[in-house]
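The values are calculated or read from the model by the stated rules, or taken from the named source; none is laboratory data. Small disclaimer: the values here were computed from a predicted structure and weren't measured. Note that we place each Cβ from the backbone using ideal geometry, even for glycine, and neighbour counts take in every protein chain shown. The protein model used for the area step is the full one, side chains on, heavy atoms only, and it has no ligands, DNA or RNA in it. Shrake-Rupley method; radii C 1.70, N 1.55, O 1.52, S 1.80 Å.
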Amino acid sequence: MTSHIMPTYGRLPITFERGEGAWLFDQNNTRYLDALSGIAVCSLGHAHPAVHQAICKQSEKLLHTSNLYGIAVQEQLADKLTEKSGMDNVFFCNSGAEANEAAIKLARKYGHEQGIENPAIIVMEKSFHGRTLATLSATGNTKIQQGFAPLVDGFIRVPYNDVNAIEQAVLQNKNVVAVLVEPIQGEGGVNIPAADYLNQIRSLCDKHNLLMMLDEIQTGVGRTGKFLAFQHNGILPDVCTLAKALGNGVPIGACLASGKAAKIFTAGNHGSTFGGNPLACSAALAVLATLDAENLIEQAAQKGDAISAAFKQRLQGNAHVVDIRHKGMMIGIELDSPCAELVQAALQQGLLINVTSEKTIRLLPPFVINDQQIAELVETLSTLIHKHTDTPYES
């Protein structure tokens, strides 16, 4: 941990040297079970041979040319993403925040094309969309916004999982042009809305001629048991953003658009030096091929159900466990008091987890986690939760 790195992270006192599947190994070759996947990034696990081979093969030929020229693998990845999502076209970038920036620009240009001088986007409380100035402004977390005023104007915040609040905001503000929402709030505490929440937002956006924009940075690429979370609802958004698991650790982001939203950007409206470069796109193509070849998205649904059920059984009777909720391999265990110290306690037991929104243990395991590793995850974490809440535990 060098002092020449800006102190923007509260890092744990550990450095990893290598990984293999769901395992990470530190500098002393001590093994840790990764139940976080680099925050929903390494869904194929660490050092997956298909991604390794794709990166090596592409690096021997070409890494970068810029978007001044055609990029064959970028075209192939766009074709594959639109095929799997039902969307029409894609803008490639390097991160989730950049993908959301593209979505925000799409919404603003859409508004201007309708003669709206100051377009507004409805966003949600407890949301997280990134740490660039615009995405930070869209985010519903005042704690991480502190010190960065003035924030970007043009966002109207309403409670999550409250369609009536969205409609009231639309009726009270004629400048609203879009709704930006996460299908499941990850950073906000693994908050899963009503089953028809997205359907109702789709209907509302259709009614008022708004863009429905879904931030699938964390939920996308199979995490919830479908390739994209909106596919559980049988709808199609106007804009959908991806990143995280798309490259399994190789930085890549994507802003997908459909219908009228796919016709908004023209040459010169947006750009990225590195976005959609041959290396990143080759890695992403390998990820998508592997998800299909190994049936990993269906496995994510099944394993997520199994993990959630196992925790419910192990933690039953613990009055301090408020809720255990999940969608695929996106799992939240909410306690009745802050529990950030569980992260360090789990690390000491060889397990990597995360606590978000102060009281919710967030688990985002790799899809390749096996039954034995699942059993170890459930046993280790359940024991720690019982100990933390001072509740007797019987294995």
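For the reader, a short list of remarks on this structure follows.
- Within region 163-173, not a single residue is assigned to a loop (DSSP other than H, G, I, E, B) and closer than 29 Å to Ser337 by Cα.
- Residue check for Thr356: assigned by the TED database to the domain that holds Ala306, among the polar types (S, T, N, Q) and crowded, with 17+ Cβ neighbours inside 10 Å: yes
- Residue match in region 373-382 (condition: over 28 Å from Lys84 (Cβ atoms) and modelled with pLDDT under 95): no
Condition check ((1) under 19 Å from the mean Cα position of the chain (by Cα); (2) basic (Lys, Arg)) across all residues:
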| residue | (1), (2) |
| --- | --- |
| Asn209 | no, no |
| Asp215 | yes, no |
| Thr224 | yes, no |
| Gly249 | yes, no |
| Lys260 | no, yes |
| Ala284 | yes, no |
| Ile297 | yes, no |
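- Answer from Asp305, Asp292 - the residue that is closer than 30 Å to Ser59 by Cβ and either in a helix (DSSP H, G or I) or touching a helix residue (DSSP H, G or I) at 6+ places or on another chain (Cβ under 6 Å) (or both): Asp292
- The residue pairs whose first member lies in region 30-50 and is free of Cβ contacts under 8 Å to residues at least 60 places away in the same chain and of a type in the set (Val, Ile, Thr), whose second member is assigned to a strand (DSSP E or B) and surrounded by fewer than 18 Cβ atoms within 10 Å (Cβ to Cβ), and whose beta carbons are closer than 9 Å, counting only pairs six or more residues apart or on different chains, do not exist in this structure.
- Annotation note: Cβ proximity below 6 Å between a residue of region 304-320 that is under 12 Å from Ala375 (Cβ atoms) and small (Gly, Ala, Ser) and a residue that is open to solvent by less than 60 Å² (accessible area, probe 1.4 Å) and in a helix (DSSP H, G or I) (sequence gap 6+ or interchain) occurs for Ala310/Val378.
- Restricting Lys57, Lys84 to those that are touching a residue at least 60 places away in the same chain (Cβ under 8 Å), over 22 Å from Ala300 (Cα atoms) and not hydrophobic (A, V, I, L, M, F, W, C) reduces the list to Lys57.
- Strands (runs of 3 or more DSSP E) fully within region 316-395 counting 1 or more residues that are under 24 Å from Asp26 (Cβ atoms) and under 25 Å from the mean Cα position of the chain (by Cα): 354-356, 360-363
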